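Accompanying notes for the structure given below.
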């Protein structure tokens, strides 16, 4: 069941779900809540740039792969090397070129406690989609229990460069109620915790 | 214990300033990575670029299996999803 604007407001008022900063009235539609674009966008550096960089430290004739190992537990540190911030225009906006792929995020922090039986889906705004702007790629689900800022996989599939302004409405969140409370959290005893010190 | 706990992990910077990357040891010995909001991470100081610091990430306990526990991470791991099995010795209140 998709929640209406009234139900979303009620949940927020009761702190059953958390959205920070709290949404303004204009962010509501009848059956969704618009979220706004955060202040950081990142783009991937080109494979050629990365290749040149990693080859510089290698002996002549040794060629390393630029492939990102998704199973590497330090994937994040590796991926940082592959990303760079998208330069802001003098007016603070971002210009997304045709076919450019960037990572962005919502300005809002979302928390959906499991016991509230609420999950959500992030979807594009139809007005932005008309111009070819995609804001997520095959990853719309915000699971019950999620907490964090939503990362957006933004791609300009249109014909023209598109200007995006931090704070503008960029996507919408559609809330759904689960029929049953998901598993956990369960109480447990940590019998083996003696002597374990916080790092 | 109310079902929420923290899990020992290694913490490094994430892609965005609002997130951190955590490396988590699973019960089967593998290590996995997840991006999580920095509010869900406890660490003594902010990691510098390329630095890995010991820290803890907030988890929700789903099932107690004796020496191991099934937990839900606040956000999905890169290769494993949200629900993972970890050694119980890595959990703290």
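For every helix of n ≥ 4 consecutive DSSP H residues, a contribution of -39,500 (n - 2.57) applies; sum these over the protein assembly as shown, divide by its total residues, and give [θ] at 222 nm rounded to the nearest 500 deg cm²/dmol.
On the way: 4 runs with 30 residues, N = 292.
Using -39500 (n - 2.57) per qualifying helix, the result is -2500 deg cm²/dmol.
When you take every Cα atom in the range B:18-64, what is the radius of gyration, and what is Dmax, the widest Cα pair distance, in Å?
Here Rg and the maximum Cα pair distance are 11.6, 36 Å.
How large is Rg/Rh for the range A:1-52, to two decimals, with Cα atoms and a Kirkwood Rh? Working shown, then result.
Details: Rg = 18.2 Å, Rh = 13.8 Å.
Answer for the range A:1-52: 1.31.
Just from the alpha-carbon atoms, what are the Rg and Dmax of the range A:118-187 in angstroms?
So, for the range A:118-187, Rg and Dmax equal 15.2, 54 Å respectively.
So what does the Cα-only Debye profile of the range B:4-92 read at q = 0.13, 0.18, 0.23 Å⁻¹, as log10 I(q)/I(0), no solvent term?
The Cα Debye sum returns log10 ratios of -0.36, -0.68, -1.11.
Over all residues in A:142-151, what is the mean tally of Cβ atoms on other chains that come within 10 Å of each residue's Cβ? Show your work: numbers first, answer last.
Numbers: counts 1, 7, 2, 9, 7, 8, 11, 8, 1, 7.
Taking the mean over all residues of the peptide, I get 6.
Would you mind estimating how fast the range A:69-148 diffuses translationally, via Stokes-Einstein at 20 °C and 1.002 mPa s with the Kirkwood radius over Cα pairs, in µm²/s? All intermediate terms of the calculation are to be shown ahead of the outcome.
Numbers: Rh = 15.7 Å.
Approximately 136 µm²/s, per Stokes-Einstein.
What average number of partner chain Cβ atoms lie no more than 10 Å from the Cβ of the residues making up B:66-78? Walk me through the intermediate numbers first.
Details: counts 1, 2, 0, 4, 3, 2, 9, 2, 6, 9, 4, 2, 7.
Mean shielding count: 4.
Rg to Rh for chain A: what is it, with Cα atoms only and Rh by Kirkwood? Numbers along the way, then the final one.
Working: Rg = 20.8 Å, Rh = 19.6 Å.
Result: Rg/Rh = 1.06.
Please compute the Cα-Cα pair-distance distribution of the range A:1-103 with 5 Å bins starting at 0, giving whole percents from short to long.
2, 9, 14, 13, 11, 11, 12, 12, 6, 4, 3, 2, 1, 0
No lab work stands behind these numbers, since they all come straight from the coordinates. Just so we're clear, the structure is a prediction, and the values are computed from it rather than from any experiment. Ideal geometry is used to build each Cβ from the backbone, glycine not excepted, and the neighbour counts take in all protein chains shown.
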